Amino acid sequence: MNIFRSQILLCAFLIAGITSRCFALEPSQVFLIANKNMPESLAVAEYYQQRRAIPKDNLILLDLPKTEDIVRADYNSKLALPVREALKERKDKIKCLLCIYGVPLRVGGDAPNDAEKKQLEKVEAERKTAQEKLKPLEARIKELEPKAKADPKGDDAKELDKARDEHKKLSNNVRLLENRQRWLSHAESQAAVDNELMLLWWEDYELRRFQFNLLHFQVPESKRKGKPPVLMTARLDGPTPEITKRLVDDAVEVEKTGLKGKVYVDARDIRFDPKSEDGYGYGGYDESMREMAALLKDQGKMDVILDNKPAVFTPNSCPECALYCGWYSHGNFVDSCGFVKGAVAWHLASSEAVSLRRKDLNLWCRNILEKGAAATLGPVGEPYTIGFPKPAEFFGFLVTGEYTLVECYSRTLVLTSWMCTLIGDPLYNPYKATPKLKSEQVTPSPKGGKFFLHLKDETD
């Protein structure tokens, strides 16, 4: 899950201040997308409209596949385009798009065009040729090594140095060709459907990898100026329609008196060194979990249990859980938390939202919802650590009671057109009645880390 720095165009800015609140989400600003080919999708959409007083005209019914995946061409023609058409006259009224149970979860990758396909053939031939040259060179190096060891100043040692240099050059060339192949084949251009929809109003943006989220609370207004709007997005979804409706019921009920219960944070004792790290690797996220625990306990006066050992919480060890964040048990849900009604919980791992339906996969998002939580988030594919919100930022804003669930997510998610999906009622505000912090107390995490912006105009 480490970031592939060599392929990411990043420009570092350490931003000390926090932008003022720019969101004020109302039910009338939430627009729903449902699948007209699934009666359950329409039923969940109408149920949500009734519970949250969403205007009837805010529902968009689309002709979509019933599967959790949609190919890129169908996403463009059957989903993004009709949504854009439906909303073009109401562009100033929408702040949040909500994908309803039955709307595909993941959009497939972009396909290379004819010119790129021809280039791919050429690059593949070059890569194979370079790869073949490595084989005899590796054999010769293996043959020379004992001879050079026996006579470090002899001819064999000199030949070994030359062979190693040549091997290094060829290996670098192979890597460059492989990177070129990935670019031409549009590798890693798949995304979560709702994450892609954040850029509904953007045209012809690069689909390979990701775009940086201009809604992030550390992005200065000057960087948003002149850019198309970015939408907040979420999914009202789950393993079954019944569970999906329950997410809404729990949110509406808990909001009346406030979410009550314990906070469980499952870090791994990975140290963060701001002198050598930017804060988006393992150390940065682990430190953010510890900062989350300290913030909610020391300043929020909440009941916080922090585990700072590599192993995850054991089964049934976290009773009365209102908030949970931890890692790392990839694709292997551990039933550690007894969730109270309205709980918000997520586990940082690579593929925990690959499916919300399949019971043959022991994924965290599906299980967290089945076990009673009201909201979760996770990736539909490999996100790298940077694909997740920072725990101290996300949960810090959540307990202020100043922001809804989707606002907390949108303010702390670093990337758009990427892998993460938020599952739950976007209007849910679990601490509105019982705020624990002020938003000014939530600062960039981890302390000493850097915030990254993708500035195309400065890197092109």
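The values are calculated or read from the model by the stated rules, or taken from the named source; none is laboratory data. This structure is a prediction, so every number in the text was calculated from the model and none was measured. Here the Cβ positions follow ideal geometry from the backbone for every residue, glycine too, while neighbour counts run over all protein chains shown. With ligands, DNA and RNA removed, areas are computed over all heavy atoms of the protein, side chains included. Shrake-Rupley method; radii C 1.70, N 1.55, O 1.52, S 1.80 Å.
Worth a mention:
- As a summary of the residue check, A392 satisfies the conditions (1) farther than 23 Å from I100 by Cα; (2) under 10 Å from the mean Cα position of the chain (by Cα) except for the one numbered (2).
- Criterion violated by E116 - all others in (1) touching a Leu at 6+ places or on another chain (Cβ under 8 Å); (2) open to solvent by 60 Å² or more (accessible area, probe 1.4 Å) satisfied: (2)
- Taken as a whole, the structure leaves P430 outside the set of residues that are open to solvent by 10 Å² or more (accessible area, probe 1.4 Å), at pLDDT 95 or above and either in contact with a Lys or Arg (Cβ under 6 Å, 6 or more places away or on another chain) or of a type outside the set (F, W, Y) (or both).
- Residues in the stretch 339-363 that are closer than 19 Å to F395 by Cα and open to solvent by 10 Å² or more (accessible area, probe 1.4 Å): F339, V340, K341.
- Pairs where the first residue, in the stretch 118-136, is in contact (Cβ under 8 Å) with a residue 40 or more places away in the chain and the second is open to solvent by 80 Å² or more (accessible area, probe 1.4 Å) and part of a helix (DSSP H, G or I), C-beta under 7 Å, 6+ apart: V123/R180
- The listed residue being farther than 30 Å from F451 by Cα and either touching a residue at least 12 places away in the same chain (Cβ under 8 Å) or in contact with an Asp or Glu (Cβ under 9 Å, 6 or more places away or on another chain) (or both), out of N195, N173, N179: N173
- Taking (1) buried (at least 18 other Cβ atoms within 10 Å of the Cβ); (2) over 17 Å from G238 (Cβ atoms); (3) at pLDDT 95 or above; (4) of a type outside the set (D, E) in turn, R72 satisfies each apart from (3).
- Pair list, Cβ under 9 Å, 6 or more apart: the stretch 66-91 residue under 17 Å from K56 (Cα atoms), other residue in a helix (DSSP H, G or I) and acidic (D, E): R90/D57
- Count of the stretch 365-376 residues, restricted to those that are out of contact with any Cys (no Cβ under 6 Å at 6 or more places or on another chain) and open to solvent by less than 10 Å² (accessible area, probe 1.4 Å), is 6.
- Residue match in the stretch 73-90 (condition: over 30 Å from N173 (Cβ atoms) and part of a loop (DSSP other than H, G, I, E, B)): no
- Just so you know, in the stretch 283-321 the residues that are polar (S, T, N, Q) and touching a helix residue (DSSP H, G or I) at 6+ places or on another chain (Cβ under 6 Å) include one that is least open to solvent (accessible area, probe 1.4 Å), and it is S288.
- Counted residues, the stretch 182-195 - those being in a helix (DSSP H, G or I), out of contact with any helix residue (DSSP H, G or I) (no Cβ under 6 Å at 6 or more places or on another chain) and of a type in the set (A, V, I, L, M, F, W, C): 2
- Residue match in the stretch 95-112 (condition: among the basic types (K, R), assigned to a helix (DSSP H, G or I) and more than 21 Å from P379 (Cβ to Cβ)): no
- Per the listing V219, V230, the residue uniquely under 21 Å from the mean Cα position of the chain (by Cα), more than 25 Å from A353 (Cα to Cα) and part of a loop (DSSP other than H, G, I, E, B) is V219.
- Total residues in the stretch 96-112 satisfying the condition of being open to solvent by 10 Å² or more (accessible area, probe 1.4 Å) and in contact with a Pro (Cβ under 9 Å, 6 or more places away or on another chain): the figure is 1.
- Scanning the stretch 133-181 for residues that are touching a Lys or Arg at 6+ places or on another chain (Cβ under 8 Å) and either within 30 Å of P112 (Cα to Cα) or not in a helix (DSSP H, G or I) (or both) returns G154, L170, V174, L177, E178, Q181.
- As a summary of the residue check, E203 satisfies the conditions (1) closer than 30 Å to A115 by Cα; (2) open to solvent by less than 50 Å² (accessible area, probe 1.4 Å); (3) among the charged types (D, E, K, R); (4) free of Cβ contacts under 8 Å to residues at least 40 places away in the same chain except for the one numbered (2).
- Residue within the stretch 180-191 that is within 21 Å of Y384 (Cβ to Cβ) and at pLDDT 90 or above present: yes
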